[in-house]
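Peer 1: Pasting in a structure now, in structure tokens, and then I'll have a few things to ask.
The values are calculated or read from the model by the stated rules, or taken from the named source; none is laboratory data. These numbers were taken from a predicted model, which means no experiment stands behind them. Glycine gets a Cβ as well: all are built from the backbone with ideal geometry, and neighbour counts include every protein chain shown. We work out accessible area using only protein heavy atoms, side chains counted, and drop any ligands, DNA or RNA first. Shrake-Rupley method; radii C 1.70, N 1.55, O 1.52, S 1.80 Å.
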Amino acid sequence: MPRQITLKDHFFESRLVMNRAVILLIIAGILLTVLLARLLFLQVVEHEHFTTLSEDNRVKLQAIPPNRGLIYDRNGILLAENLPSYRLEITPEQIDDMGGTLGALEDIIEIRDIDRSRFEKLLKRKPRFEAIPLRFHLSDEEVARFSVNRHRFPGVDITAGLARHYPLGTLGVHALGYVGRIDEQALKVVDSSNYRGTSHIGKIGIEKTYESVLHGKVGLQHVETTAQGRVIRVLDRTPPVSGRNLYLTIDSRVQAATEAAFTDLTGSAIAIDPNNGDILAFVSAPTYEPNAFVNGIEFDDYAALRDNKKQPLFNRALRGQYPPGSTIKPFVGLAGLEEGITTSHSSTYCPGFYSLPGNTRKYRDWKRTGHGTVNLNRSIQQSCDVYFYDLALSLGIDRIHGYLRHFGFGKSSGIDILGELPGLLPSREWKRARHDQPWFPGETLITGIGQGFFLVTPIQLAVATAALANGGRLLQPNIVHAEQEANSDDLLPHRPRTVDTITINAQEHWDHVIESMVDVVHSTRGTARRIGEDSPYRIAGKTGTAQVFGLKQEEKYDAEAIPEELRDHALFVAFAPVEDPQIAVAVIVENGGGGGSVAAPIARKILDAYLVGESPVVEEPVDEATGGEPQ
Amino acid sequence: MSSVLSSHREDASRAGWQYRLHLDAPLLFALIAASGLGLIVLYSAGGGDMALVERQLVRLGLAFTGMLVVAQLSPYVLLRLTPWLFVVGVVFLVAVLVGGESSGGAQRWLNLYIVRFQPSEMMKLAVPMMVAWYLADTRLPPNGWQLLASATLIAVPMLMIAKQPDLGTALLIASAGFFVVFLAGLQWRLLAFFSVLLAAAAPVLWHFMHDYQRQRVITFLSPESDPLGSGYHVIQSKIAIGSGGLLGKGWMNGTQSQLDFLPERSTDFIFAVLGEEFGFLGILTLFALYTIIVVRGIMISIQAQDTYTRLLAGSLSMTFCVYFVVNTGMVTGLLPVVGLPLPIISYGGTSIVTLMAGFGILMSIQTHRKLLPT
């Protein structure tokens, strides 16, 4: 050994090292003791605490959303269904480069800006290891394309679910409404625990009104999951309860015929069964596509709808408030008879205008030359204004208001669609409260022909017409005919409700008014005679033309000369068959012109669709001279 | 001389095969038992992946073979090799810093075309050997200059490794070197002085740390401050161990381990799998085996016949002790997370080869005693 020999005390050195080795052994012992103490603390003292934490890790409570109830029309035609739908979900924890992944996904799947912004919003406030949806409603093609490329996208997955779909598209959209993705505002209104797992909620229409019936009850299950949230097995399960199916009173045949009858006109039509208040058709034209709203409408598309001059999103049937015009005349006439102010024989001379005693202001008749000597029948048939100015003045606003209230004017009809407006039946009290002014006699005159402050909704007009047809029963219109539990064939019907029963003083008064309305359609001088000529059943109707634009004293109404949005609204109310009324309708065409020429033909098509089952009326050009009937 | 030889022959006849094969039975038993336990735990940690176990088995076979080979070398040969080993190691470390291969953000690998290896692993043995070689020639306890020289021998490779950065290995190398000096009789007052110095240097150390190293320290001080980030590991491993209880949830039944809640569960955090599935009892078993190894190693040190082997054996044994204490301490939340595997049990790494080579040295020291001139 080539080592330098130094003076080393080997005995001392070996004792030294040995002592130090023993000290190290003691140190090792202390370290081990500390560790064991730590493990005893974790595994014995705190065992239960960590067991709880471990269970919390492992077991998750999952909500199972219930299937939303389906919606059928009265004949069992499907209006709203749930279709299998695929959505693309991303588990961010499994993605290293989110931007790159999204970019690559964009090549095979369409990702709109709205998808991306929603995704980023969700990304900020989601629990660890939870997948968040990027796209809904993938097309079959997109599903296929992604499946082929799946290996390129760890952490991205397609999951199947059910999504609301309206197979008939725009048909009845204003009644049906639509569902949309739940936002935080919507969650505040509903019981949020019942909506765990639910992605959509009724936003408008029946979908919103009957949300609690359609939604059902959430199911729950405890599942064992991996850290990535993958379900290993279900530990226990409370199944969800599906929402109830709804059978509407709507007849989609009639609904479709009505919508078609509007062509590109703007307005509204309601068809109602006067025997029970069933809404047969609920139309607000133009319509829009509800399926576009289910998963979030693109901003541009929404802007196009919102800024459309015809306002397709506006529910005219429920919220459109129009002056009733001459359609109010049968009701005022009936008030005159029943209140004993006039008789069927009394007549008035119509010179073409009317003036209050001691006043030079002329209240004009729509017919400048006047109707000559007219009784109630002739006045309804030809829509003489002067007769009704006189009658209204004799009745006075209090009696007009008191009588018309029973027909449901001025208050909500109570239809089971949220958002209804009440219209306006003016009265002395109302004017005092609203305008702080006394009631003027001139205002009584124009109220008598359905102008001035008077506003009605299409629903109110239809319900009032139905009350005329059924002998004085004011019905609460209903649009849901029955509910049905899922997995059951039994229907749970909604009972018709009578809101008010109008006292009949003399049946002949009613008969006389109705007979006059029949003459509107079926007599040679009736304002709606064109729709009566070839009708296989007898119709009682009344035209109306409501002024949008106030004419000056000596000004002449010229449809061509004024802008379209200021032209008169065309109205028509009717019921048929007269002998045994099955259907009552109210039609309003905004800025359409004459009630007899524009609104009445639409009404005829509705009646035909329901009573005959087809539309036999041949289209012919509208004759302005005979059809026009401005008041 | 002859009487001495004959007494050794008696020893040899008492455990003949151990001397012929240069193996130490208690060490060998504990190592094999620990390896077996490790494979069982690894099978579960890998989710029942037999291929993983097979790869580990191959590695263990290689490591045990290496141990066997090293055990055949006499401590004399080791002594002669020591300076060369150290110098070559330092050269390699420089080479790594200049042109090493990166993996996972750290530059640790040196590609020698034939084998790709980590010189830092080699230094785990070379540093204690070198310091022991140096101090064995001096009068013990070492004086100030000798301490300074020893400190240099330790600090140069340690700093180079810390720079790669590989804090865990640097720590092991530092403690290996320190234990040699301590065994050589480092004065208590100097020890106290250096401890104070180290504490004072902590802020300086902080300054030189990488961000992720600082993060580990912060996380250690308060793991709940970042439960989804770097604190997640320790929170989940504590849950795993704590929920294991006395007897554990059963092999392959640990929910933390099997359902992916426990990260790095076949490597650095495999101890938590053991704790969850086999409970406190399983941990006691492993600790018993570790204790046998450490105690046996220190006994070998005490029985060794010259200063070099005494210092080396003691240092290697205590380094092993530090090794598993640091790992289990970090998994149980007692120490900050440093990237150190659980010796013998954790999957992978060249570290198992170095570790076993170290045990080969211990066995060599134990079984070559009588042949050594003193």
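Peer 1: What accessible surface, in Å², does a 1.4 Å probe find on A:His10, ignoring ligands, DNA and RNA and rounding to the nearest 10?
Peer 2: 110 Å²
Peer 1: Next question. For segment A:193-271 and segment A:582-607, what is the separation of their Cα centres, given in Å?
Peer 2: 34 Å
Peer 1: Further question on the same structure: What full-extension length gain, to one decimal in nm, is calculated for A:Ala506 and A:Arg525 as 0.36 nm per residue of separation minus the Cα-Cα distance?
Peer 2: 4.1 nm
Peer 1: Something else now. Modelling each spin label as a point 7 Å along the Cα-to-Cβ direction, I'd like the A:Val59/A:Arg319 distance in nm, to one decimal.
Peer 2: 4.8 nm
Peer 1: Check which residues have an amide H placed less than 5 Å from A:Asp278's amide H, if you skip close sequence neighbours.
Peer 2: Under 5 Å from the amide H of A:Asp278: A:Asp273, A:Asn478.
Peer 1: If the label point is 7 Å along Cα→Cβ of B:Gln303, which residues in segment B:39-78 have backbone nitrogen under 17 Å from it?
Peer 2: Zone members listed by number: B:71-72, B:75.
Peer 1: Shifting gears a bit: Quantify how strongly other chains surround peptide B:271-283 by giving the mean number of their Cβ atoms within 10 Å of each of its Cβ atoms.
Peer 2: So the per-residue partner count for this stretch is 2.
Peer 1: Can you give me the accessible area per residue for segment A:31-144, using a 1.4 Å probe, in Å²?
Peer 2: Heavy-atom SASA per residue in segment A:31-144 reads 51 Å².
Peer 1: Can you list the aspartates and glutamates whose alpha carbon sits under 17 Å from that of B:Lys238, skipping same-chain ones fewer than 8 residues off?
Peer 2: Straight-line reach from B:Lys238, under 17 Å: A:Glu46, A:Glu48, A:Glu55, A:Asp56, B:Glu224, B:Asp226, B:Asp260, B:Glu264, B:Asp268, B:Glu276, B:Glu277.
Peer 1: Show me A:198-210, B:191-203 ranked by packing, highest mean number of other Cβ atoms within 10 Å first.
Peer 2: A:198-210, B:191-203
Peer 1: Round to a whole number: what % of the accessible area of segment B:265-363 belongs to carbon and sulfur, probe 1.4 Å?
Peer 2: Its accessible area is 73 percent carbon and sulfur atoms.
Peer 1: As I understand it, the value is the acute angle between the Cα axis of helix A:600-611 and the longest principal axis of the Cα atoms of chain A; what does it come to in degrees, rounded to 10?
Peer 2: Helix A:600-611 and the main axis of chain A meet at about 70 degrees.
Peer 1: Averaged over peptide B:298-308, how many Cβ atoms belonging to another chain are found within 10 Å of each residue's Cβ?
Peer 2: 4
Peer 1: Assuming R0 = 35 Å, can you tell me the calculated FRET efficiency for the pair A:Glu564 and A:Leu83, based on Cβ-Cβ distance, to the nearest 0.05?
Peer 2: It comes out at approximately 0.30.
Peer 1: Using only the Cα atoms of chain B, build the gyration tensor, take square roots of its eigenvalues as a ≥ b ≥ c, and label the shape rounded, prolate or oblate: rounded if a/c is under 1.5, else prolate if a/b is larger than b/c, else oblate.
Peer 2: It is oblate, given that a/c is not under 1.5 and a/b is not larger than b/c.
Peer 1: Here's something else I'd like to know. Per residue of B:179-185, what is the mean number of Cβ atoms on other protein chains within 10 angstrom of that residue's Cβ?
Peer 2: Across the residues of B:179-185, the mean count of other-chain Cβ atoms within 10 Å is 4.
Peer 1: Interface B/A, total buried accessible area with a 1.4 Å probe, nearest 100 Å²?
Peer 2: Heavy-atom accessible area buried at this interface is about 4600 Å².
Peer 1: Which peptide among A:466-473, A:443-450 comes first, and what is the full order, when sorted by highest mean count of other Cβ atoms within 10 Å?
Peer 2: My ranking of the peptides, most packed first, is A:443-450, A:466-473.
Peer 1: Roughly how tilted is helix B:270-303, in degrees to the nearest 10 and between 0 and 90, from the longest Cα axis of chain B?
Peer 2: 10 degrees
Peer 1: Enter the Cα centre distance for the pair segment A:453-489 and segment B:141-219, rounded to the nearest angstrom.
Peer 2: Each part's Cα centre sits 91 Å from the other's.
Peer 1: Can you compute the helix-only [θ] at 222 nm over chain B? Use -39500 (n - 2.57) per DSSP H run of at least 4 residues, normalise by all residues, nearest 500 deg cm²/dmol.
Peer 2: Taking each H run of at least 4 residues, the total per residue is -24000 deg cm²/dmol.
Peer 1: Roughly speaking, to the nearest percent, how much of chain A's 1.4 Å accessible area is carbon and sulfur?
Peer 2: Answer for chain A is 52 percent, counting heavy atoms of protein chains only.
Peer 1: Something else: Quick one, what does Rg over Rh come out to for segment A:84-165 if you take C-alpha atoms and the Kirkwood Rh?
Peer 2: 0.93
Peer 1: By a straight-distance test (C-alpha under 17 Å), which aspartates and glutamates pair with A:Lys362 as possible cross-link partners, with residues fewer than eight away in the same chain excluded?
Peer 2: A:Asp385, A:Asp390, A:Glu443, A:Glu554, A:Glu555
Peer 1: So what is the relative contact order of segment A:252-627, in percent, for Cα pairs below 8 Å that sit 6 or more residues apart?
Peer 2: Relative CO of segment A:252-627 lands at 20 percent.
Peer 1: On to the next question. For chain B, calculate the relative contact order in percent as a whole number, restricting contacts to Cα pairs under 8 Å that are 6 or more residues apart.
Peer 2: 27 percent
Peer 1: Need one number for chain A: average projected area of the convex hull over its C-alpha atoms, nm².
Peer 2: 47.6 nm²
Peer 1: Sticking with this structure for a sec: Going by average Cβ density within 10 Å per residue, which order do the peptides A:157-167, A:484-494 take, highest to lowest?
Peer 2: Packing proxy ranking, top to bottom: A:157-167, A:484-494.
Peer 1: Shifting gears a bit: Specify whether the C-alpha gyration tensor of segment B:237-374 places it in the rounded, prolate or oblate class, a ≥ b ≥ c being the square roots of the eigenvalues: rounded for a/c under 1.5, otherwise prolate if a/b is larger than b/c and oblate if not.
Peer 2: In terms of gyration-tensor shape, prolate.
Peer 1: Here's something else I'd like to know. As a check on your grasp of the helix formula, calculate [θ] at 222 nm for chain A: sum -39500 (n - 2.57) over DSSP H runs of n ≥ 4, divide by the residue count, round to the nearest 500.
Peer 2: -10500 deg cm²/dmol
Peer 1: Using only Cα atoms, tell me the angle between helix A:47-58 and the longest principal axis of chain A; keep it within 0 to 90° and round to the nearest 10.
Peer 2: 50 degrees
Peer 1: A further question follows. Could you tell me the calculated FRET efficiency between A:Val190 and A:Arg116, based on Cβ-Cβ distance and R0 = 25 angstrom, to the nearest 0.05?
Peer 2: The pair A:Val190/A:Arg116 has a calculated efficiency of 0.35.
Peer 1: Tell me, what is the percent relative contact order of chain A, built from C-alpha pairs under 8 Å that lie six or more residues apart?
Peer 2: 13 percent
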